[in-house]
Amino acid sequence: MLITIEGIDGSGKSTLLSRLRELLAGLDPLFTREPGATWVGDSVRRAVAERMDPITEALLFCADHAAHVDTVIRPALDEGKLVISDRYADSRFAYQPVVLDGVLPDPLLWLRRIHEGWSIRPDRTFLLVLPIKDAVSRLDPEKKREYFENAGILARVQENYLDLAATDPARFVVVDALLQKEEVARFIADEIRTNVRSSRPRPRA
Ligand code: TYD
């Protein structure tokens with residue numbers, strides 16, 4: 001089973017993920033993330049830091065995803081493991097259209113086509129949503145200024161996320177990230193447990 005966690009910068013994903021590690025330890029999940037820990041992931045981070053052109057950046061994020069699916073996600077799912085990914089394809093579908101706006105006629109369609117035929121669809125996606133001002137105030141103070149200037153971008157990214165959720169309500173669970181962190185973590189952990197239970201074939205009576 002593949003679970004993904006999505007949300008804008010400052011939505012509290014990192015705290016959530018570390019708490020899920022504790023709460024779900026009994027299920028022995030594989031925790032992973034995008035951009036990944038390989039040299040492909042490093043090249044993505046470098047492209048973002050050096051502000052490469054948006055097509056190069058988008059394709060590098062897609063390449064990182066391909067490597068992630070091939071080396072981490074697919075092998076783990078084949079073994080029947082529970083996989084929980086901090087960011088996944090929806091990060092592309094939410095973030096890249098903002099930077100590709102005006103560069104391509106239909107960025108989302110272009111991105112979806114690139115993923116077609118090889119990417120693996122998550123079984124469930126938890127989307128953390130909160131007011132932009134709260135997300136900005138949660139960001140690392142050292143990076144705050146830079147991100148603050150990008151509050152407008154984060155607002156558009158979150159709009160894109162909400163559109164994705166609206167078009168796929170069976171997969172997305174939208175979570176209010178302003179709730180107590182412990183409450184958010186316990187709710188998501190319970191949902192994941194329920195999903196895992198219902199996906200397992202029941203023993204014959
Ligand atoms: P990262 O440094 O891992 O930050 P976070 O802790 O918020 O996940 O992510 C790098 C940035 O890259 C983050 O602002 C989200 C963005 N991103 C994309 O624009 N497209 C993508 O496909 C992915 C995976 C991330």
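The values are calculated or read from the model by the stated rules, or taken from the named source; none is laboratory data. Computed from a predicted model, the values in this text were never measured in an experiment. Note that we place each Cβ from the backbone using ideal geometry, even for glycine, and neighbour counts take in every protein chain shown. These area figures cover heavy atoms from the full protein model, side chains too; ligands, DNA and RNA do not enter into them. Shrake-Rupley method; radii C 1.70, N 1.55, O 1.52, S 1.80 Å.
Structure remark: mean-square fluctuation, Gaussian network model of the chain, C-alpha springs under 10 Å; the largest value among P169, P54, P35 belongs to P169.
Only helices at least 18 Å long along their own axis, judged from Cα atoms, and with Kyte-Doolittle mean hydropathy of -0.5 or greater: name those in the chain from DSSP H.
Answer set is 54-68, 151-167.
Sites listed here are GluC sites (Glu not before Pro) in segment 1-69 whose DSSP assignment is loop and whose Cβ has at most 14 other Cβ atoms within 10 Å: E50.
Divide the volume of the convex hull of the Cα atoms of the chain by its number of residues and quote the answer in cubic angstrom per residue. Display every interim value, and only then the final one.
On the way: hull volume 27.2 nm³, N = 205.
Enclosed volume per residue, from the Cα hull, is 133 Å³.
Computed over protein heavy atoms with a 1.4 Å probe, the accessible surface of the chain works out to 55 Å² per residue. Name all residues of segment 54-73 having a backbone nitrogen under 13 Å from the label point set 7 Å from the Cα of S43 along its Cα→Cβ direction, giving them as ranges. Under 13 Å, as judged by backbone N against the label point of S43, lie 56-68 of segment 54-73. Across all directions, the average projected area of the convex hull around the alpha carbons of segment 71-149 is 7.6 nm². Given the chain, what count of lysine pairs have C-alpha atoms under 19 Å apart, with each pair 8 or more places apart or on different chains? Total qualifying Lys-Lys pairs in the chain comes to 7. State the percentage of accessible surface on segment 2-199 attributable to carbon and sulfur atoms; use a 1.4 Å probe and exclude ligands, DNA and RNA. That share works out to 53 percent. I want to verify a result. In a Gaussian network model of the chain, Cα cutoff 10 Å, which of these has the top mean-square fluctuation: A63, A189, A25? Largest GNM mean-square fluctuation: A25.
Amide H to amide H distances under 5 Å link F172 with T125, where only residues 5 or more positions off or on other chains count and H is placed in the peptide plane. Spatial offset of segment 47-94 relative to segment 3-32 amounts to 16 Å, using the alpha carbon center of each.
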